[in-house]
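To keep things clear, I will list the structure first and then write my remarks on it.
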Amino acid sequence: MRLVSRCLRAVGALSVGALLVGLVGCGPSYPVLDLDSPVGTWRAAPPGTGTLDIFSDGTFTITGSSFNLSTARDAHSEYDAEGTWQVSSSSPKVYLFIVRATDQGRAQSGNGGRPREYKQGTITFHDGEETTGVTFVYSPPSS
């Protein structure tokens, strides 16, 4: 009986270990897209929050973001921004030029305007050390 119990525990531990190794290797996965334009709605991937709307008239808005693009630091899901955008002529990158931004209702300064890849369906912003940030995932329009 003890031998069976030990074997079952060993098999259980190995199964849990294999599952954990498999999950750690997975990381977040998003559908790979081939976008011609960044225009559309982009929603923050968990655990991030917020919505990035890029409009065809050359403007954008960010609402309820958990990351402050102006300072490249975490926010409390209360970072909002608006401005203009441009696409790079040499690569599929979008530049966001912040005109107005607030974090918890307080005005923010800083452009946050480094170019970001968008073609594969994600736009990621992070701090200089890449320890915190937010990834916005393209949300296709509902039909």
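No lab work stands behind these numbers, since they all come straight from the coordinates. Quick caveat: nothing in here was measured; it's all calculated off a predicted structure. Note that we place each Cβ from the backbone using ideal geometry, even for glycine, and neighbour counts take in every protein chain shown.
Points to keep in mind about this one:
- Each of 134, 39 was scored by other Cβ atoms within 10 Å of its Cβ. Listed from fewest to most, they are 39, 134.
- Here the Karplus curve 6.51 cos²θ - 1.76 cosθ + 1.60, taken at θ = phi - 60°, turns the phi angles of the stretch 46-54 into couplings of x, x, x, 10, x, 10, 10, 10, 10 Hz, with x standing for Gly and Pro.
- Of the peptides 42-51, 59-68, 101-110, 77-86, the order by per-residue mean of other Cβ atoms within 10 Å, starting with the highest, comes out as 59-68, 77-86, 42-51, 101-110.
- Label-point gap, in nm, between residue 131 and residue 88 - each point 7 angstrom along Cα→Cβ: 2.7 nm
- Estimated inter-spin distance, residue 120 and residue 102, nm [label 7 Å along Cα→Cβ]: 3.6 nm
- Mean separation of Cα pairs under 8 Å and 6 or more residues apart, divided by the residue count, gives the stretch 40-139 a relative contact order of 27 percent.
- The string of couplings for the stretch 70-80 from the Karplus curve (6.51, -1.76, 1.60, θ = phi - 60°) is 5, 10, 6, 9, 4, 10, 9, 6, 10, 8, 10 Hz, one whole number per residue in order, with x for Gly and Pro.
- The eigenvalues of the Cα gyration tensor, multiplied by 5 and square-rooted, give the stretch 40-139 an equivalent ellipsoid with semi-axes of 19, 15, 13 Å from largest to smallest.
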